[in-house]
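Engineer: Below you will find the structure I want to go over with you.
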2 protein chains.
Amino acid sequence: MEKFVLKGDICYSTDTRTLQTAEAAYLVCVDGKSAGVFETLPEQYQDLPLIDCSGQLIMPGLVDLHVHAPQFAFRSLGMDLELIDWLNTHTFPEESKYADMAYAFSAYLAFVGDIQRGPNTRSVIFATRHVPATVLLMDLLEESGLSCMVGKVNMDRHAPEPLVETSAAQSLADTRTWLSEVAGRYSRVSPILTPRFIPSCTDELMAGLGEIHREFGLPVQSHLSENKSEIDWVGALRPEAESYGHAYYRNGLFGGDVPTVMAHCVWPTAEEFALIKQQQIRVAHCPQSNINLSSGIAPIRRYLDAGVPVGLGSDVAGGANTSIFRAMSDAIGVSKLYWRLIDQDAAPLTLEEAFYLGTLGGGRFFGEVGSFAPGFEFDALVIDDRSIPGRRDLEIADRLARVVYLSDERHIVRKFVQGAAVALGT
Amino acid sequence: MEKFVLKGDICYSTDTRTLQTAEAAYLVCVDGKSAGVFETLPEQYQDLPLIDCSGQLIMPGLVDLHVHAPQFAFRSLGMDLELIDWLNTHTFPEESKYADMAYAFSAYLAFVGDIQRGPNTRSVIFATRHVPATVLLMDLLEESGLSCMVGKVNMDRHAPEPLVETSAAQSLADTRTWLSEVAGRYSRVSPILTPRFIPSCTDELMAGLGEIHREFGLPVQSHLSENKSEIDWVGALRPEAESYGHAYYRNGLFGGDVPTVMAHCVWPTAEEFALIKQQQIRVAHCPQSNINLSSGIAPIRRYLDAGVPVGLGSDVAGGANTSIFRAMSDAIGVSKLYWRLIDQDAAPLTLEEAFYLGTLGGGRFFGEVGSFAPGFEFDALVIDDRSIPGRRDLEIADRLARVVYLSDERHIVRKFVQGAAVALGT
């Protein structure tokens, strides 16, 4: 169905603070894009098929800016550990299994099925360092109807055999193999360069990835200033860099002309904060993970005030839940603790702001995604909030709050990506 | 069924740090109490009916030490407000509706149904100040098969008409009416004295409740040192009291011979902490509420180290979720932030400790409740964790972690209170 109309109670963000709402209104899809939201259906759309979602909420699909697909299988385990110990005890052994394609198939199928059923329509994903399993994941995602960026991970040091790549040259060669295998293969899935993080990547590898970036023009994802022990380690590994962020910057993989998403950004130094702002790094705020791995609370109000672009990430399996609704309520929650415990000048995030972060804030990394303004790609959720027990005499903004805090995948009745319906599964 | 056996993978706490586990083991119920957990079924129980829950987890029912039944209907609303503004904007207007028995019936029915379907078997509940609606709530709870303590709320100042009680005398007379109506009426539900909090209660009312306590020997629940603005207000209202806790203490309603649960206890002064310890106040730790209302993080490690009894509370609607599994993961989470941001000598709570808090830690307020040691009341959950996607090659402790972070009511397949099956509803 290329052209159609949804009728229902609509909400979407147009900027960080503004939630647009319209009751019993019309959202028009033409050729996979929004043609706008209308109180009265314009003449030229009156012959389009109309899907009546009266009484239900219609909102943009949610965007997960940071998630590790191979970590889905061990969500909630090892939560008594901090980042580096958790990586060595749980993450690296689990990721090693993705050399086995049978294992990868069943584990990635479970991951993709979970995302399909949930509210996220877009994800920026870490796979593992294995090329065949990464291509498999991209195949499964393409079939699911979701739109994703996926990275084959680069990591040529400080990880156990057999997960660590044997050399920078091998890692770079595998990356080129992967890129040639996926070139032109998908309509909704695309590759993203994925150096794991500075401790996992030699200078030679980073320099080679910089070359690949210049050749292919790909975006970049990585981790930045998540956990204090990790930051100390980066300082020891890269003593010449003014900050953790500068270590990426020196390799030409940190914003500016390179669309870059950096997960966490919990503990920026003043120099790093200035560089993040200058390079317009997109911060993937992962509040649940930052709690679970005892990392801390990212200064999101400061980033927003400085005009740094911010979105939300589940960071499975640092986070246990894939839903970006959960990331929204967690983002609000930790911002309140940040205000209460650290800085009373940093106002807590409002519901409208958290909703922005989980839709348009992350969606901008994909282009015109995460809103219903005309021309935006038609990613939409239809949510039947009437089965959430409690008050029913509510404005759309309050209904949205109930959905953010209380809904689960059972409340999602329709889901669209670029105008195409996504099967919600069973 | 008075005597029966459950077979499955069993876990339960015996103290704050120790999780007992037994695979493919037997839990025996005799006359509503646990007769113990056995690797091999003893001769004398071999003729009892056996419920085969092989492959499923069996654990004690969860205990919610602090929940407001009339606030269930507006969960997730007003989360941009701090405590006092939230009370005035949302809570008090909503609670006023419980003068209307038709409203109370439908709203309390939704609350009780939610608890029935979820993992909690015991709750310590605030109703409203209305006697008929409070009796109705107790009737519905008794019918549900759950075991609960319920309080008609006392509040004779600083609340809007028509919610505020017109005088201490009226509040006390209503309390006596309520107690006579419920006397001998229930097998699993019992009354608890419930002065709302110091700002809502005149000295005369508190003194009268002290008398009622001495006459009826009832336990007491209230709120303590939750939010900074509230604490300042108490200081202004009761300048003679050395602390907020001392204001209760001076009225004879603060532990010692009076079994007392106090919700929150986020900001104890040194004097108050010492009094809590001396009087063995049971702290109802409500981490999600303390986040949502920007209250802060309670120093749970300090309470545990000092031997103060602690349990968990959902504090709906300060908290949005009724499940004490959520309170467990939130308790672990905020304890990590407390360690990271406030006090690196306060070790984060482990999964075992959080599980203890949500079972035996709260259960002790009811007596021999919250464990499977012989003689404990037979409150049990049977959880089929096999449908949670992810790793299956796990020890019971890791399976419990997955249940705490990832399960919902769909995974609960059986639920017992005092040996009787609770209908899980639809």
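Engineer: By a straight-distance test (C-alpha under 19 Å), which aspartates and glutamates pair with A:LYS3 as possible cross-link partners, with residues fewer than eight away in the same chain excluded?
Structural biologist: Counting by Cα, and skipping residues close in sequence, A:LYS3 has these aspartates and glutamates nearby: A:ASP31, A:GLU39, A:GLU43, A:ASP47, A:ASP52, A:GLU368, A:GLU377, A:ASP379.
Engineer: So what are the ³J(HN,Hα) numbers for segment B:268-285, from phi and the Karplus equation (6.51, -1.76, 1.60; θ = phi - 60°), rounded to whole Hz, Gly and Pro as x?
Structural biologist: With coefficients 6.51, -1.76 and 1.60, one gets x, 6, 4, 5, 5, 4, 4, 5, 4, 5, 4, 8, 6, 4, 8, 7, 9, 7 Hz.
Engineer: Please determine, in degrees from 0 to 90 and to the nearest 10, the orientation of helix A:101-117 with respect to the longest principal axis defined by the Cα atoms of chain A, where the helix direction is its Cα long axis.
Structural biologist: Approximately 30 degrees, to the nearest 10.
Engineer: Quick one: Debye curve from the alpha-carbon atoms of the protein assembly as shown only, equal weights, vacuum; give me log10 I(q)/I(0) at q = 0.06, 0.07 Å⁻¹ to two decimals.
Structural biologist: With no solvent term, the Cα-only Debye profile gives -0.40, -0.55.
Engineer: Fewest to most neighbouring Cβ within 10 Å: what's the order for A:ASP393, B:ASP305?
Structural biologist: If I rank by nearby Cβ atoms, fewest first, I get A:ASP393, B:ASP305.
Engineer: For chain A, modelled as a Gaussian network with Cα springs under 10 Å, which listed residue fluctuates most, A:GLU43, A:GLU165, A:GLU242?
Structural biologist: Highest fluctuation among the options: A:GLU43.
Engineer: What does the structure give for B:402-414 when I average, per residue, the other chain Cβ atoms found within 10 Å of the residue Cβ?
Structural biologist: Values: counts 5, 1, 3, 10, 4, 1, 2, 0, 2, 0, 0, 0, 0.
So the per-residue partner count for this stretch is 2.
Engineer: Further, regarding this structure: Net charge within 13 Å of A:ASP343 by Cβ-Cβ distance, Lys/Arg positive one each and Asp/Glu negative one each, not counting A:ASP343 itself?
Structural biologist: +2
Engineer: Can I ask one more? Enter the angle in degrees (range 0 to 90, nearest 10) between the Cα long axis of helix B:131-144 and the first principal axis of the Cα atoms of chain B, meaning the one along which they spread out most.
Structural biologist: Helix B:131-144 sits roughly 0 degrees off the main axis of chain B.
Engineer: Across 10 Å bins from 0, what is the distribution of all Cα-Cα pair distances for segment B:1-146, in whole percents?
Structural biologist: Calculated over all Cα pairs of segment B:1-146, the distribution is 10, 29, 24, 19, 14, 3, 0 percent.
Engineer: Which whole number gives the average count of other chain Cβ atoms within 10 Å of the Cβ atoms across peptide B:312-321? Write out the running numbers ahead of the final one.
Structural biologist: Details: counts 0, 0, 0, 0, 0, 1, 0, 1, 6, 3.
Across the residues of B:312-321, the mean count of other-chain Cβ atoms within 10 Å is 1.
Engineer: Work out, step by step, the length gained on full extension between B:ARG157 and B:GLU240: first 0.36 nm times the residue separation, then minus their alpha carbon distance; give nm to one decimal. Each step should come with its number before you reach the end.
Structural biologist: Numbers: separation 83, 0.36 × 83 = 29.88 nm, distance 1.88 nm.
Gain in length upon complete extension: 28.0 nm.
Engineer: Considering the zone a paramagnetic label at A:ARG410 would reach in this model (a point 7 Å from Cα along the Cα-to-Cβ line), which residues of segment A:55-70 have amide N under 20 Å from it?
Structural biologist: Once the point is set 7 Å along Cα→Cβ of A:ARG410, A:56-57 turn out to lie under 20 Å by backbone N, inside segment A:55-70.
Engineer: So which GluC sites (Glu not before Pro) in segment B:315-395 pass both tests, a DSSP loop state and at most 14 other Cβ atoms within 10 Å of the Cβ? Show your work: numbers first, answer last.
Structural biologist: Details: sites: B:GLU352, B:GLU353, B:GLU368, B:GLU377, B:GLU395; in loops: B:GLU368, B:GLU395.
Here the sparse-neighbourhood loop sites are B:GLU395.
Engineer: Tell me the mean residue ellipticity at 222 nm calculated for chain A from its helices only (DSSP H runs of n ≥ 4, each -39500 (n - 2.57), averaged over every residue, nearest 500). Don't skip to the end; give the middle numbers.
Structural biologist: Numbers: 14 runs with 142 residues, N = 426.
Per the formula, -10000 deg cm²/dmol.
Engineer: Still on this structure: How big is segment B:71-227 along each principal axis, measuring the range of its Cα positions in Å and listing the largest first?
Structural biologist: 42, 39, 30
Engineer: Turning to a different aspect of this structure: So if R0 is 45 Å, what FRET efficiency would A:SER167 and A:ARG302 give, r being the distance between their Cβ atoms, rounded to the nearest 0.05?
Structural biologist: It comes to 0.70.
Engineer: After finding the eigenvalues of the alpha carbon gyration tensor for segment A:1-72, what semi-axes result from the square roots of 5 times each, listed largest first in whole Å?
Structural biologist: Values: eigenvalues 139, 51, 27 Å².
Sorted largest first and rounded, they come to 26, 16, 12 Å.
Engineer: Still on this structure, I have one more. What are the ³J(HN,Hα) values, in whole Hz, obtained from phi via the Karplus relation 6.51 cos²θ - 1.76 cosθ + 1.60 with θ = phi - 60°, for each residue of segment B:356-369 in sequence order, with x given for Gly and Pro?
Structural biologist: 4, 4, x, 10, 5, x, x, x, 4, 5, 9, x, 8, 9
Engineer: In whole Å, largest first, what are the principal axis extents of the Cα atoms in segment A:291-374?
Structural biologist: 41, 30, 18
Engineer: Sort segment B:353-410 into rounded, prolate or oblate with this rule: let a ≥ b ≥ c be the square roots of the eigenvalues of the Cα gyration tensor; rounded if a/c is under 1.5, and if a/c is not under 1.5, prolate when a/b is larger than b/c, oblate otherwise.
Structural biologist: Working: a/c = 2.31, a/b = 2.22, b/c = 1.04.
Prolate shape, in that a/c is at least 1.5 and a/b is the bigger ratio.
Engineer: Now a separate question. Stretch A:ARG392-A:ALA347 to full length: gain in nm at 0.36 nm per residue minus the Cα-Cα span? Write out the running numbers ahead of the final one.
Structural biologist: Working: separation 45, 0.36 × 45 = 16.20 nm, distance 2.95 nm.
This chain segment gains 13.3 nm when fully extended.
Engineer: Taking Cα atoms, how many degrees apart are the long axis of helix A:324-341 and the longest axis of chain A, rounded to 10 and kept between 0 and 90?
Structural biologist: 70 degrees
Engineer: Dividing the convex hull volume of the alpha carbon atoms of segment B:186-338 by its residue count, what do you get in Å³ per residue? Walk me through the numbers before you get to the answer.
Structural biologist: On the way: hull volume 17.9 nm³, N = 153.
In segment B:186-338, the Cα convex hull volume per residue is 117 Å³.
Engineer: Continuing with this model, one more query. Sketch the reach of a paramagnetic label on B:SER54 as a point 7 Å from Cα along Cα-to-Cβ, and name the residues of segment B:1-37 whose backbone nitrogen lies under 19 Å away.
Structural biologist: Of the residues in segment B:1-37, B:5-11, B:22-28 have backbone N under 19 Å from the label point off B:SER54.
Engineer: Once the Cα gyration tensor of chain A is found, what semi-axes does its equivalent ellipsoid get, as square roots of 5 times the eigenvalues, in whole Å, sorted largest first? Don't jump to the answer; show the numbers that get you there.
Structural biologist: On the way: eigenvalues 242, 117, 77 Å².
The three semi-axes for chain A are 35, 24, 20 Å.
Engineer: Take the cross-link list A:LYS152/A:LYS228; A:LYS277/A:LYS336; A:LYS228/A:LYS277; B:LYS152/B:LYS228 and give me the ones stretching past 28 Å between alpha-carbons. Don't skip to the end; give the middle numbers.
Structural biologist: Numbers: A:LYS152/A:LYS228 26 Å; A:LYS277/A:LYS336 23 Å; A:LYS228/A:LYS277 21 Å; B:LYS152/B:LYS228 26 Å.
Where the Cα-Cα span goes over 28 Å, no listed pair is concerned, since all stay within it.
Engineer: For segment B:40-118, take every pair of Cα atoms, bin their distances at 5 Å starting from 0, and report each bin as a whole percent.
Structural biologist: Histogram of Cα-Cα distances, whole percents per bin: 3, 11, 15, 16, 13, 10, 7, 7, 6, 6, 5, 3, 0.
Engineer: Suppose each label sits 7 Å from its Cα in the direction of the beta carbon; what would the B:GLN280-A:GLU181 distance come out to in nanometres?
Structural biologist: Label-label distance for B:GLN280 and A:GLU181, simple model: 6.5 nm.
Read the figures in this text as sums done on the coordinates, not as results from a lab. Values in this document were obtained by computation on a predicted structure and should not be read as measured data. FYI the Cβ positions are ideal-geometry reconstructions off the backbone, even for glycines, and counts take in every protein chain you see.
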